[in-house]
Amino acid sequence: MYKIPVSVLVVIHTADLQVLLLERADHPGYWQSVTGSQDSSETLTQTAAREVFEETGLNVADYALTDWQTENRYEIYEEWRWRYGPDVRFNTEHVFGLSLPGILPIRIAAREHLNFMWLPWQQAADKVFSSSNADAIRHLPERQNLQRNNR
């Protein structure tokens, strides 16, 4: 079964803007936030919750998951295009943030990730391989301020 070309990117961060990064098992050296494709029966929020749990062991119901109302459309890397239907070349990514009270223990999915690390947001933005992931992390301070002001 092919993947749907709609995905989520979830930037997991602490109140002091430490960001969780995961190293891809299928491409060592590629660091990223939580990502994953939407299943046909899911809302985007459900996809984000499922992916966070599968990739980190964290239950989003215990923390603050926020839809950042940001979409990125990009060409799917050639090496991963086989996962999608014939002639599918583009994916639409929806960005979420998950705010944690502090650095928490993480349980990575060994089939998907080799390692994890927590980095200050500026360093995390520089380390990820995806430009949309880097952009999302770079907007983290203003997103955090918006959340504070909307309380």
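The values are calculated or read from the model by the stated rules, or taken from the named source; none is laboratory data. Everything quoted here is computed from the prediction, not taken from an experiment. Because the Cβ atoms are built from the backbone with ideal geometry, glycine has one as well, and the counts that use them run over all protein chains shown. The area values use the complete protein model at the heavy-atom level, side chains included, leaving out ligands, DNA and RNA. Shrake-Rupley method; radii C 1.70, N 1.55, O 1.52, S 1.80 Å.
Hey, can you tell me all the residues within the stretch 28-45 that are open to solvent by less than 50 Å² (accessible area, probe 1.4 Å), more than 16 Å from N133 (Cα to Cα) and not polar (S, T, N, Q)?
E42, L44
How about the stretch 90-103: which of its residues are among the aromatic types (F, W, Y) and within 13 Å of the chain's Cα centre (by Cα)?
F96, the sole residue that qualifies.
Going by the structure shown, is L21 on the phi > 0 side of the Ramachandran plot and not basic (K, R)? Give the steps one after another, and end with the answer.
On the way: on the phi > 0 side of the Ramachandran plot: no; not basic (K, R): yes.
Taking the combined requirement at face value, the residue does not satisfy it.
Looking at the stretch 115-129, which of the residues that are in contact with a strand residue (DSSP E or B) (Cβ under 7 Å, 6 or more places away or on another chain) and surrounded by fewer than 16 Cβ atoms within 10 Å (Cβ to Cβ) is nearest to A61 (Cα to Cα)? Spell out how you get there, then give the answer.
If we filter the stretch 115-129 for residues that are in contact with a strand residue (DSSP E or B) (Cβ under 7 Å, 6 or more places away or on another chain), which is where we start, we get 115-121, 124, 127-129.
Remaining after also requiring surrounded by fewer than 16 Cβ atoms within 10 Å (Cβ to Cβ): 115, 117, 120, 129.
Values: N115: 24, M117: 22, P120: 24, F129: 28 Å.
Out of the qualifying residues, it is M117.
Those residues that are in a strand (DSSP E or B) and surrounded by fewer than 18 Cβ atoms within 10 Å (Cβ to Cβ), I need them from the stretch 15-27; list them, please.
R24
Yes or no: the stretch 67-78 includes at least one residue that is more than 19 Å from V6 (Cα to Cα) and not hydroxyl-bearing (S, T, Y).
No, the stretch 67-78 has no match at all.
Given the condition out of contact with any Gly (no Cβ under 7 Å at 6 or more places or on another chain), open to solvent by 80 Å² or more (accessible area, probe 1.4 Å), modelled with pLDDT of 95 or more and of a type outside the set (G, A, S), answer yes or no: does some residue in the stretch 76-87 qualify?
Narrowing the stretch 76-87 to residues out of contact with any Gly (no Cβ under 7 Å at 6 or more places or on another chain): 76-87.
Still in the running and open to solvent by 80 Å² or more (accessible area, probe 1.4 Å): 77-79, 82, 86-87.
In the following step, the residues that additionally are modelled with pLDDT of 95 or more were identified as none.
Within the stretch 76-87, none of the residues are out of contact with any Gly (no Cβ under 7 Å at 6 or more places or on another chain), open to solvent by 80 Å² or more (accessible area, probe 1.4 Å), modelled with pLDDT of 95 or more and of a type outside the set (G, A, S).
A quick yes/no check of all residues on (1) within 14 Å of the chain's Cα centre (by Cα); (2) part of a helix (DSSP H, G or I):
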| site | (1), (2) |
| --- | --- |
| T70 | yes, no |
| Y74 | no, no |
| E79 | no, yes |
| V88 | no, no |
| P105 | no, no |
| I108 | yes, no |
| A124 | yes, yes |
| A134 | yes, yes |
| R143 | no, yes |
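Tell me yes or no: at least one residue of the stretch 48-62 is in contact (Cβ under 8 Å) with a residue 40 or more places away in the chain and open to solvent by 70 Å² or more (accessible area, probe 1.4 Å). Walk me through it before giving the result.
Pass one, the stretch 48-62, residues in contact (Cβ under 8 Å) with a residue 40 or more places away in the chain: 48, 51-52, 54-58.
Checking which are open to solvent by 70 Å² or more (accessible area, probe 1.4 Å) leaves us with none.
No: zero hits.
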